[in-house]
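Visitor: This structure is in structure tokens; I'll ask about it shortly.
The values are calculated or read from the model by the stated rules, or taken from the named source; none is laboratory data. From a predicted model like this one, the values you see are computed outputs, not experimental measurements. Here the Cβ positions follow ideal geometry from the backbone for every residue, glycine too, while neighbour counts run over all protein chains shown.
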Amino acid sequence: MSVGSEVEARLFFAHEKIRDSQKKMVSDGIIALQEGVSLLAAAPTGIGKTAAALASAFEVTNFYNANPEVPKILFMTGRQSQHRIVVETVRLINSNLPSGNPRIRLVDIIGREGMCDSVNKSTGECTCEEGIVEPARKGRRADLEDFILEEPRHVDRVIKEGVARGICAWATARSAVRRADILVCDYNHVFVEEVRENSLPVMSVDLDNAILVVDEAHNLPDRIRLGLERIVTTEVFRRARIDVNAHKENLEESTKKLDLPASKSHSDALLLEKQVKALEDDSALSTWFSEKTAENEASKVGDLRIDTGEFLGVIARAIEGIEENGPEDGIARIKRMNSRLLSVVVDEDDSIEEDGQNDCIRLAEFLDICIKYRDSPALSLIFDNVLEVPRVISHLLDPSVVGGPIFKQCAGSILMSGTLFPPVMYSDILGIPEDKAMCKEYYSGFPPDNRPVFIARDVTSKFTEREGSYSSIRDHIRSVLEKTDGNVAVFAPSYAMLDRIYADIDYTFGKQRFREERGMSKRSVDGTVGRLHELKSMGFGAVLFGVLSGKFSEGVDYAENVLDAVVCIGLPLPPPSARQDALLEYYAGRFGRSKAWKYASLQPAVNSIMQALGRPIRKREDKAIIVLLEKRLLERRVRDCLPKSMHTRQTTSPSRTSKHVERFFEMS
């Protein structure tokens, strides 16, 4: 959809001056929200999209003030740093509001494990309020709730205050949302069904009367997919039996202590123990896993698609006849077993993994997903043997089955990211109809000479040409390292290429070396970025080796112009796999062959490069040089995936790259 005239929201704009691009985004946001549609904003770093989105949302909710049912704003982000930015922006808005205007009330919340000192992973109960009697608990919670709403406070401050008062910060923050104007939270609160159903009603949030602001929205499709991703291995059946046995023994012990007759819960546990034991011992199920392992090894791809109905059939037959007068229909049989699996509670111990689920719940959720989507092509089951452990993984191919109904139900939304490009692609993928989507691209207004982007026309990571390009790729990197006095980030398309580059470029012209590791913790990432700042402040340089779409190339704020140069190697297209084939096939059926390739492979690969090259420039005066070592970026179909506002130049050899880098720093 398109819009005509512009509107302003100066009352709720956090800063004294508003840039042209911000003014346009604020206007588009107001119009979209007033019409109850979605603004999809491709807004580059530095545009000030958080301030623009909040100004739009508050202007519209202020417009509704005559109506007692004022929409609640849900600002969703997966980054702790962005939580702080939202809190500080709302503080600024409040400080600028005229006297007599009510101040905006904000609640900032994260997952329970992050807000409570100790949470039993099986029961979900915390120990925050142990030893507090009920009258004192109610009074302290009320006081803490007032503290939360008194002024915008980051969740860390709320947690500290909760600990000092001996009160659960998580439970109190959820209660405070009822009186708040804006909730800052993770995507999961809205886009994961189980979390949504357990959290929004408790917080008195109604999606019909909620404005959604989605930050870093390019991540939303994968976050939605992750919400329905579950893994089952043969080990799950064994561990689930152990959990059921422990659950049964706990029930027996309680019954004995209280001198009560056997309960229905106990009889259900006895039956469930037999069913899970049958799954563990079933020869047909064991044979099925062995056959799929053999098929997978023969395929030489690494994984294979399996039929959901076939898998459910094997499960249903394994538990057939165990329950007296049980349902003949296999799906009904599994559903009955699942209801028992979900009731299993075990004491917290080392058998429960860090994701917070016992294996009974893990198995039940997996089977429930399979049943729900058994007749839908939107879900694909993939079998693989990672680390030689046979496993089945549920993969949601179509995020629109989750996202579409939510965006249709809410009162309006703003989705924004520097790499929400092209916005119409994300509208398609998330299931937002054309007449309900306002797709816009904005310009940062930053001087293009502050971040020149050079594309090397002599190298590629394309498999058939990779070896012939490798020595030149290495020499291009060395040229950048030699001519850059400060910090350089080098991002490879895969860990395999990263390992090779890191090993071969052992001389870094006096720069200290850092590298990304698989599974690197947030603390380690933050520590490495801190070291970059320290070294630069002392007049030294470093080289950071990472991967595209990795820990260092996305979601990290390199403030104070700490990066002077970025090198991106190749085009990180997804490797062949059964999962990728399933996605391409599904998208071809939904969007056509041409869009399928772009949506499933090409555009995500280009966007991962765009994320990386956006790291060094965070504000107007920042300067850094970008070198992209991939000639395919010059091809028309790939070049069309880049924003029109991105001005690129070419470099033809490592020696030319050396001259370009040297000239850039001489003129800076």
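Visitor: Considering only the stretch 630-647, state which residues are under 27 Å from the mean Cα position of the chain (by Cα) and over 28 Å from E467 (Cβ atoms).
Guide: Answer for the stretch 630-647, where residues must be under 27 Å from the mean Cα position of the chain (by Cα) and over 28 Å from E467 (Cβ atoms): D640, P643, K644, S645, M646.
Visitor: Inspect all residues belonging to the stretch 265-275 and state whether any of them is without any contact (Cβ under 8 Å) to a residue 24 or more places away in the chain, loosely packed, with under 13 Cβ neighbours inside 10 Å and farther than 25 Å from A316 by Cβ.
Guide: Scanning the stretch 265-275, I find no residue that is without any contact (Cβ under 8 Å) to a residue 24 or more places away in the chain, loosely packed, with under 13 Cβ neighbours inside 10 Å and farther than 25 Å from A316 by Cβ, so the answer is no.
Visitor: Return the total of residues in the stretch 118-176 being over 26 Å from the mean Cα position of the chain (by Cα) and in a helix (DSSP H, G or I).
Guide: 23
Visitor: Another question, if that's okay. For the stretch 58-66, state whether one or more residues are assigned to a loop (DSSP other than H, G, I, E, B) and not polar (S, T, N, Q).
Guide: Yes, the stretch 58-66 contains at least one residue that is assigned to a loop (DSSP other than H, G, I, E, B) and not polar (S, T, N, Q).
Visitor: Sticking with this structure for a sec: Limited to the stretch 418-447, what total is found for residues that are among the charged types (D, E, K, R) and either within 19 Å of the chain's Cα centre (by Cα) or more than 23 Å from P604 (Cβ to Cβ) (or both)? Can you show your working first?
Guide: Applying the first criterion (among the charged types (D, E, K, R)) to the stretch 418-447 yields 428, 434-436, 440-441.
If we keep only those that are either within 19 Å of the chain's Cα centre (by Cα) or more than 23 Å from P604 (Cβ to Cβ) (or both) too, we end up with 428, 435-436.
The total comes to 3.
Visitor: Now for a different question. I'm trying to understand the selection: among the residues of the stretch 198-250, which are crowded, with 21+ Cβ neighbours inside 10 Å, more than 22 Å from the chain's Cα centre (by Cα) and among the acidic types (D, E)?
Guide: Matches in the stretch 198-250: D243 only.
Visitor: On to the next question. Specify the residue that is surrounded by the most Cβ atoms within 10 Å (Cβ to Cβ); the eligible residues are those in the stretch 172-195 that are over 24 Å from I85 (Cβ atoms) and at pLDDT 95 or above. Before you say what the answer is, go through the steps one by one.
Guide: Step one: of the stretch 172-195, the residues over 24 Å from I85 (Cβ atoms) are 175, 178, 193-194.
Adding the requirement that they be at pLDDT 95 or above leaves 175, 178.
Values: S175: 19, R178: 13.
Among those that are over 24 Å from I85 (Cβ atoms) and at pLDDT 95 or above, it is S175.
Visitor: Can I ask one more? Does at least one position in the stretch 456-470 carry a residue that is more than 20 Å from D640 (Cα to Cα), assigned by TED's automatic domain parsing to the domain that holds N607, hydroxyl-bearing (S, T, Y) and surrounded by 22 or more Cβ atoms within 10 Å (Cβ to Cβ)?
Guide: Looking through the stretch 456-470, none of the residues is more than 20 Å from D640 (Cα to Cα), assigned by TED's automatic domain parsing to the domain that holds N607, hydroxyl-bearing (S, T, Y) and surrounded by 22 or more Cβ atoms within 10 Å (Cβ to Cβ).
Visitor: Give me the pairs: first residue in the stretch 324-349 and in the same structural domain as F311 (by TED's automatic domain parsing), second residue polar (S, T, N, Q) and modelled with pLDDT of 95 or more, beta-carbon distance under 6 Å, and six or more apart or on different chains, which are they?
Guide: Listed by first residue and then by second, the contacts come to M337/Q275.
For every residue, the table says whether it meets (1) of a type in the set (D, E); (2) without any contact (Cβ under 8 Å) to a residue 12 or more places away in the chain; (3) under 25 Å from K619 (Cβ atoms).
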| site | (1), (2), (3) |
| --- | --- |
| F454 | no, no, yes |
| T460 | no, no, no |
| E465 | yes, yes, no |
| L481 | no, no, no |
| A492 | no, no, no |
| R513 | no, no, no |
| G530 | no, yes, yes |
| F545 | no, no, no |
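Visitor: Return a yes/no flag: does the stretch 315-329 have any residue that is of a type in the set (A, V, I, L, M) and within 33 Å of the chain's Cα centre (by Cα). Talk me through it step by step, then tell me what you get.
Guide: We begin by selecting, within the stretch 315-329, every residue of a type in the set (A, V, I, L, M); these are 315-316, 318-319, 322.
With within 33 Å of the chain's Cα centre (by Cα) added as a condition, the list becomes 315.
The answer is yes; a qualifying residue exists.
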